[in-house]
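Please treat every number below as a calculation from the coordinates, not as lab data. Given the structure is predicted, the values throughout are model-derived calculations rather than measurements. Backbone-built Cβ (ideal geometry, glycine too); neighbour counts: all protein chains shown.
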């Protein structure tokens, strides 16, 4: 149950802002595609916003309201308050609050991605569980030439490189900015491909990590811009090298005891039966979730064998070619028991992604779905017969195939709500149609001189 905003609490928040020399407030939220949106108000209107909300036109936001029902209200979540570090100024700072979206009658808007995740979390809580996640968002940094983005990586570094990593100073500034938002950064490093990086933050409550992941995306873009660089979370910006993924570590905790219910010291993999049911539910729904977890036409150019992206629907412990990997649990570290879902990319809407992952896992628990045997071999080297013999299927090869799988799923419709389900399918169908009829440079190079 959310705390009721009282006039006393609102006054305390306003006084905190004044003490931080805040003059402007950015009210932030996301559309159904995960794009961050913002409305700015002066500090003198913050109290009214906290108590009654701030009006905005929902018909202008992707997947929100229609023209004749456009009035909506943003209500700031006080726990997300932070001064935006790159906008600090002697004349007055700018702070942000992440907001929930409400309709004029005072009810949460069914199409608000943050509310969709809250509903999934509430279902888990009703079953006695707290859902915790740890997303690992990878990204590229590209140079700019004459103000235009160039597909040239900023550096020549490789995995965990230091001597070749020209981006260390940029990542350091990114970490400092994230910490100003209250995000507990655990590590930052160079990824496998040139110009590719990752900044990891602390595992925790799914709503908080969705907020943090969303914050990370716009923060990294802002800091990159200050260095004259373009930060992109595009899944496959350059052909024939590794792209950007977003592996999601996930587990359930008992809300009464605080214990990790995924752990069982007597099991071969130290996994409880609950964890196995949870994974089985996700494997069953993997194809249906794909359009939400890998949401772009470009996503499916990353989801190909050979570039460390998981494309095969199976699970394992040490095998990184599996869709779900169970990291080794060290002695005395039972709280770290988790399942790592490896297909998502960082262009997904984190709120929707966590919602469908959770709902799929809970379906597995409710229906006691048994997972198949783990596959510890490199699935990339399996031929078609071996895949069939082991009943291993493959994720969709394109956004169009993924949308078709999504359309068939009653669970996905229930998970994100009929409104968002329909709007999301409309948006992704339009994206595919735009791509389908576009003539590319590849086609010119391949066909123009020959035919």
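How large is log10 I(q)/I(0) at q = 0.23, 0.25 Å⁻¹ when the Debye formula is applied to the Cα atoms of the range 7-106, each weighted equally and without solvent?
Once normalised to I(0) and log-transformed, intensities are -1.18, -1.32.
Residues of the range 241-281 with amide nitrogen under 18 Å from the 7 Å Cα-to-Cβ point of residue 189?
242-249
Sorted by packing (mean other beta-carbon atoms within 10 Å per residue), highest first, where do 317-327, 363-373, 343-353 land?
So the peptides 317-327, 363-373, 343-353, ranked by packing, come out 343-353, 317-327, 363-373.
Please report, to one decimal in angstroms, the Kirkwood hydrodynamic radius of the range 355-451 built from all distinct Cα-Cα pairs.
Hydrodynamic radius (Kirkwood, Cα only) of the range 355-451 equals 17.2 Å.
Would the chain count as rounded, prolate or oblate if I go by the C-alpha gyration tensor, calling it rounded below 1.5 in a/c and otherwise prolate when a/b exceeds b/c, oblate otherwise?
rounded
Between the alpha-carbon centers of the range 20-55 and the range 319-345, tell me the distance in whole angstrom.
Going from one Cα centre to the other spans 37 Å.
Compute the FRET efficiency between residue 401 and residue 47 as 1/(1 + (r/R0)^6), taking r as their Cβ-Cβ distance and R0 = 56 Å, and round to the nearest 0.05.
For R0 = 56 Å, the calculated efficiency reads 0.65.
What is the spin-label model distance, in nm, from residue 119 to residue 179 if the labels are put 7 Å beyond Cα along the C-beta direction?
Result for the modelled spin labels: 4.0 nm.
On a full-extension model of 0.36 nm per residue, what is the gain between residue 256 and residue 15, subtracting their alpha-carbon distance, rounded to one decimal in nm?
Difference between extended and current length: 83.2 nm.
Residue separation times 0.36 nm, minus the C-alpha to C-alpha distance between residue 222 and residue 368: what's the value?
Fully extending the segment from residue 222 to residue 368 adds 48.0 nm.
What base-10 log of the normalised intensity I(q)/I(0) is obtained for the range 83-123 from the Debye formula, alpha carbons as equal point scatterers, at q = 0.18, 0.19, 0.21, 0.33 Å⁻¹?
-0.64, -0.66, -0.70, -1.09
Figure the gain on full extension for residue 393 and residue 240 (residue separation times 0.36 nm, minus the Cα-Cα span) and round it to one decimal in nm.
Full extension of this stretch gives 52.7 nm more.
Using the basic label-point model (7 angstrom from Cα toward the beta carbon), what is the residue 410 to residue 426 distance in nanometres?
Using points 7 Å along Cα→Cβ, the separation is 2.5 nm.
Going by average Cβ neighbours within 10 Å, how do the peptides 194-204, 394-404, 257-267, 16-26 rank, with the highest at the top?
Highest to lowest by the protection proxy: 194-204, 394-404, 16-26, 257-267.
How much mean residue ellipticity at 222 nm does the chain get from its helices, if each DSSP H run of length 4 or more adds -39500 (n - 2.57) and you divide by all residues, to the nearest 500 deg cm²/dmol?
-10500 deg cm²/dmol
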